[in-house]
1. So which residues in the stretch 52-69 are in a loop (DSSP other than H, G, I, E, B) and within 14 Å of the ligand (Cβ to nearest atom), if there are any at all?
2. If I go through the stretch 99-109 residue by residue, how many of them are assigned to a helix (DSSP H, G or I), without any contact (Cβ under 8 Å) to a residue 60 or more places away in the chain, farther than 18 Å from G290 by Cα and of a type in the set (D, E, K, R)?
3. Could you grab me the full set of residues in the stretch 99-108 that are buried (at least 24 other Cβ atoms within 10 Å of the Cβ) and touching a helix residue (DSSP H, G or I) at 6+ places or on another chain (Cβ under 9 Å)?
4. When residues of the stretch 75-92 are filtered for being surrounded by 15 or more Cβ atoms within 10 Å (Cβ to Cβ) and more than 13 Å from the ligand (Cβ to nearest atom), how many remain?
5. (1) at positive phi; (2) free of Cβ contacts under 8 Å to residues at least 24 places away in the same chain: which one isn't true of G83, the others all being true?
6. Among the numbered conditions (1) outside the structural domain of A16 (by TED's automatic domain parsing); (2) under 26 Å from A23 (Cα atoms); (3) among the small types (G, A, S), tell me where A185 comes up short.
7. Just wondering, is there one or more residues in the stretch 123-130 that are within 14 Å of the ligand (Cβ to nearest atom), assigned to a helix (DSSP H, G or I) and in contact with a Pro (Cβ under 7 Å, 6 or more places away or on another chain)?
8. If I go through the stretch 157-177 residue by residue, how many of them are without any contact (Cβ under 8 Å) to a residue 12 or more places away in the chain and within 8 Å of the chain's Cα centre (by Cα)?
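The values are calculated or read from the model by the stated rules, or taken from the named source; none is laboratory data. Source: prediction; values computed, not measured. Glycine also receives a Cβ, built like all others from the backbone with ideal geometry; neighbour counts cover every protein chain displayed.
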Amino acid sequence: SPTPLTLLGTGAMGSALARAWLAAGHPVTVWNRTATRAQPLLAEGATLAATAAEAVAANQLVVACLLDDASVGDALADADLAGRDLVNLTTGTPGQARDRAAWAQKRGARFLDGGIMATPPMIGQAGVGGYVFYSGSRDLFEEHRDTLAVPTGTTYVGADPGFAALHDVALLSAMSGMFAGISHAFALIRREDIAPKEFAPLLAGWLAAMAPAVHLTAEHLHSGDYTRGVVSNLAMMVAGNTTLLRTAQEQGVSTELLTPYMDLMQRRLAARHSEEDGTGIIDLLLREPGSL
Ligand code: NDP
């Protein structure tokens, strides 16, 4: 029979998770700091706990989906975690996840951290491509794998509790750069007689066509040879940047989203790496951990 579980936090994401588990027949005990926000779930079969400690006492499997790492510490301050399996789906940094893992283990719990690569509407929907990165206790993951797979896909990325957050943030950071490029592209056409709705599919198609370039980057990092299989070299791209900057100027668009990346390309080229593509920029970005 479906494993009973406790869910701490019934915000947008927590509520979506709770609904998916309830729909699959799992008994779910919920707690939310603002109890009224958990109310709609009770009609769907959830049990409301008055305190987080009471919710934790109700089930071995405890899932937290709160705003940030500090709210996890707040919510669980008085809870007895001994013998519990704590799954933290709250977004945080790798360092926060590692500290939270040590904190949970000290209190007698097994710990699994998760990074959710999905939006609430994607939860409980098969075939939409969402999933959760998991890292930390492999035993916990294996034992509860079927339950964890109910709301969305699961991808276990290692015993280091920080790895789920690291994968999550790495993908979100790449997305940030992609959205920066998208903003610039729309700005370029904004004042022209070009319909955004006709431009959008061209843009989406181009981004999709370029995305597999990540595999060549991985090849380079793996082999240490950043020149192998390069089709668009740095010398050509830096020359091309002049056209990108000049077009921005002609169109009356700020270059502030483009220039930080172009400056790095320029620096790598100046260090005599003209036959590479962009892989060497990764080396320029590396600093001592903890410094900015
Ligand atoms: P919401 O803002 O909808 O919910 C936040 C939840 O955290 C609420 O239950 C809130 O309780 C609770 N909370 C905030 N501060 C505290 C505190 N100090 N003590 C106890 N509880 C607290 O956010 P989401 O549900 O959307 O997000 C939850 C997590 O899921 C976040 O870490 C988010 O990054 C992650 N996530 C969200 C995605 C999304 O698209 N929504 C996508 C991927 C990950 P109260 O109701 O009392 O305020």
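1. C65, L66, L67, D68
2. 1
3. R100
4. 4
5. Of everything listed in (1) at positive phi; (2) free of Cβ contacts under 8 Å to residues at least 24 places away in the same chain, G83 misses just condition (2).
6. (2)
7. The answer is no; no qualifying residue exists.
8. Result for the stretch 157-177: 2.
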